[in-house]
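**Q** Encoded as structure tokens, here's the structure I'll be asking about.
Please treat every number below as a calculation from the coordinates, not as lab data. Everything quoted here is computed from the prediction, not taken from an experiment. As a convention, Cβ positions derive from the backbone with ideal geometry for all residues, glycine included, and neighbour counts pool all protein chains shown.
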Amino acid sequence: MALQIRTEIVIEASKEQVWSILTNLGAYQEWNPFIVSSKGSVAKGERIENTMRTGEKSMTFKPVILEVRQGQYFEWLGSLWFKGIFDGRHYFEIQELGPNQVNLVHGETFSGILSGMIFRSIGEDTRNNFVKMNQALKARAEQAGV
């Protein structure tokens, strides 16, 4: 059984604008309430460094970029301690609905020997943080398009 979170939001901006915001990791600290810091580049095989905040707690992790489709999709794999304990395949997919409208699909699939137990304790908060990030991205993209 796959444990997953999938969120979606319609953004009134071009796919290029949304892609630019999502892949400008160094600017996350300016707008992102969930991944409050990110360093590195969005390129297959690269290791990036993300700091996420949940409530008062922060955690830094260093996922590896697994796939990049320019202007459409990127995905990373993060692991707690080491691969196989609690792994998360985190992804962003931009679906173009029109010239200045996209549907952003933002999700994560969890696996590993402790995934069920950990997911039960963090799943709802994680989903809420994805939604907050989506809303902040929407606000930034739509404001930039004005």
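**Q** Using only DSSP helix segments of four residues or longer, with each worth -39500 (n - 2.57), what per-residue ellipticity at 222 nm results for the chain after dividing by its residue count and rounding to 500?
**A** That calculation yields -9500 deg cm²/dmol at 222 nm.
**Q** Under a GNM of the chain (C-alpha, springs under 10 Å), which listed residue has the highest mean-square fluctuation: Gln70, Gln101, Gln17?
**A** The residue that fluctuates most here is Gln70.
**Q** From a point 7 Å beyond the Cα of Asp125 in the direction of its Cβ, which residues of the stretch 50-81 have a backbone N at a distance under 14 Å?
**A** From the stretch 50-81, the list is 52-60.
**Q** For the chain, what is the charge dipole size about the Cα centre, in debye to the nearest 20, if Lys and Arg each add +1 at the Cβ and Asp and Glu each add -1 at the Cβ?
**A** Its charge dipole is roughly 340 debye.
**Q** OK, next. On average, how much area does the Cα convex hull of the stretch 3-144 cover when viewed from any direction, in nm²?
**A** Computing the convex hull of the Cα atoms and averaging its projections yields 7.7 nm².
**Q** For the pair Gln95 and Lys57, what calculated FRET efficiency results from E = 1/(1 + (r/R0)^6), where r is the Cβ-Cβ distance and R0 = 35 Å, to the nearest 0.05?
**A** 0.60
**Q** Round to a whole angstrom and tell me the spacing of the C-alpha centers of the stretch 87-146 and the stretch 18-47.
**A** Between the Cα centres of the stretch 87-146 and the stretch 18-47 lies a distance of 13 Å.
**Q** Using each residue's phi in the stretch 56-65, evaluate 6.51 cos²θ - 1.76 cosθ + 1.60 at θ = phi - 60° and report the 3J(HN,Hα) Karplus result to the nearest Hz, with x for Gly and Pro.
**A** Values, residue by residue: 8, 9, 10, 9, 9, 9, 10, x, 10, 6 Hz.
**Q** Can you tell which of Gly98, Gly78, Gly123 shows the greatest fluctuation in a Gaussian network model of the chain with Cα springs below 10 Å?
**A** Gly98
**Q** Only four residue types carry charge here, +1 at the Cβ of Lys and Arg and -1 at the Cβ of Asp and Glu. Report the dipole size of the stretch 1-61 about the Cα centre in Debye, rounded to the nearest 20.
**A** It works out to roughly 240 debye.
**Q** Can you tell which of Gly71, Trp81, Ser58 lies farthest toward the positive end of the dipole of the stretch 1-140, using +1 and -1 charges on the Cβ of basic and acidic side chains (Lys, Arg; Asp, Glu)?
**A** After comparing all options, I get Trp81.
**Q** In addition: With label points built 7 Å along Cα→Cβ from the Cα atoms of Gln143 and Glu49, find their separation and express it in nm.
**A** Label at Gln143, label at Glu49, 2.7 nm between them.
**Q** How far apart, in nm, are the 7 Å Cα→Cβ label points at Ser37 and Val10?
**A** 3.8
**Q** Related question: Hey, what did the stretch 3-144 get for relative contact order, percent, Cα under 8 Å, at least 6 apart?
**A** Taking the mean separation of contacting Cα pairs over the length of the stretch 3-144, I get 31 percent.
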